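The values are calculated or read from the model by the stated rules, or taken from the named source; none is laboratory data. Note that the structure is a prediction, hence the values are computed from the model and not measured. Heads up, the Cβs are rebuilt from the backbone with ideal geometry, glycines too, and the neighbour counts pull from every protein chain shown.
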Amino acid sequence: MLKHLLFLFFLIILTFNNSGSLGSNPENTNATDVYHLLNLSAYGLPDNVFKLALKGFGNLEACGKLQNTSILTIIDFSQSSKNKRMYVIDLPGKKLLYNTYVAHGRNTGEEFATSFSNESGTHKSSLGFYTTCNSTQKSGVGLSLILYGIEKGFNDNAQKREIIMHGADYATEDFIAKHGKLGRSFGCPSLPPDLIKPVSETIKGGTCLFIYYPDENYIHHSGLLNTDQQL
């Protein structure tokens, strides 16, 4: 009888402890607390951007489009390219795994990103939510991470355009020191060469990537940020 009571007590304690985890809804209080726990504001990530990322993340999870719901990656293109504006966050572990430089497309802007496109040949970055696929070797850029654009009209041509995450010498602190800003890609979110392998290994396999800019057309028409609209 005592063993049964102890087992029941253990189950109650375990259930109570688990109720404090992120669970299946990343928009709950504990998920939002991650922002303050990790002091993400000190790393330059605005609270409203984090909340938008969580909203889309939650809708992607609800739709069953994420294979890995532990990792959330945010690229904040409202910031200067001189800033470390990419954030890889372990939500259940409540850890900021990477905070690094990331380049935008050459026709998206100079130091600051201003213009975005989903069309081939524009050499512009695309906004919105992506899921990550697997790593591969691409001619000219080496190890790369394939990205799948989720949002119709905003980034669903990503694979057709060969928008990938790859390493680039123009996405480094040394380049900023010489030129006053990062270089630019053909639309790919390019990282420092020494980080492409560890970052791609961390976020590959069906995690969520959110590329943000305060574009009113995107904010008001994104199917993942406006739940009454379909993807």
Query raised in the report: Going through the range 106-116 one residue at a time, which ones are assigned to a loop (DSSP other than H, G, I, E, B) and within 18 Å of the chain's Cα centre (by Cα)?
Result: 116
Query raised in the report: Among the numbered criteria (1) at pLDDT 95 or above; (2) more than 15 Å from the chain's Cα centre (by Cα); (3) surrounded by fewer than 21 Cβ atoms within 10 Å (Cβ to Cβ), which single criterion is violated by residue 201?
Result: (2)
Requested in this report: Would you check if residue 157 is under 15 Å from residue 129 (Cβ atoms) and in contact with an Asp or Glu (Cβ under 8 Å, 6 or more places away or on another chain)?
Outcome: yes
Query raised in the report: Residue check: is residue 224 within 15 Å of the chain's Cα centre (by Cα) and either within 22 Å of residue 106 (Cα to Cα) or buried (at least 19 other Cβ atoms within 10 Å of the Cβ) (or both)?
Result: yes
Query raised in the report: Can you name every residue in the range 83-97 that is over 11 Å from the mean Cα position of the chain (by Cα) and under 14 Å from residue 43 (Cβ atoms)?
Result: 83, 84, 95, 96, 97
Query - Every residue from the range 101-126 that is polar (S, T, N, Q) and surrounded by fewer than 21 Cβ atoms within 10 Å (Cβ to Cβ) - result: 107, 114, 115, 117, 120, 122
Requested in this report: Would you mind stating whether residue 156 is within 27 Å of residue 48 (Cα to Cα), out of contact with any Phe, Trp or Tyr (no Cβ under 6 Å at 6 or more places or on another chain) and either among the aliphatic types (A, V, I, L, M) or outside any strand (DSSP E or B) (or both)?
Outcome: yes
Report task. Test residue 182 against the criterion of being aliphatic (A, V, I, L, M), in contact (Cβ under 8 Å) with a residue 40 or more places away in the chain and not in a strand (DSSP E or B), and give yes or no. Result -> yes
Report task. Go through the range 40-105 and tell me which strands (runs of 3 or more DSSP E), entirely inside it, have 2 or more residues that are in contact (Cβ under 8 Å) with a residue 40 or more places away in the chain and under 13 Å from residue 212 (Cα atoms). Result -> 71-76, 86-90
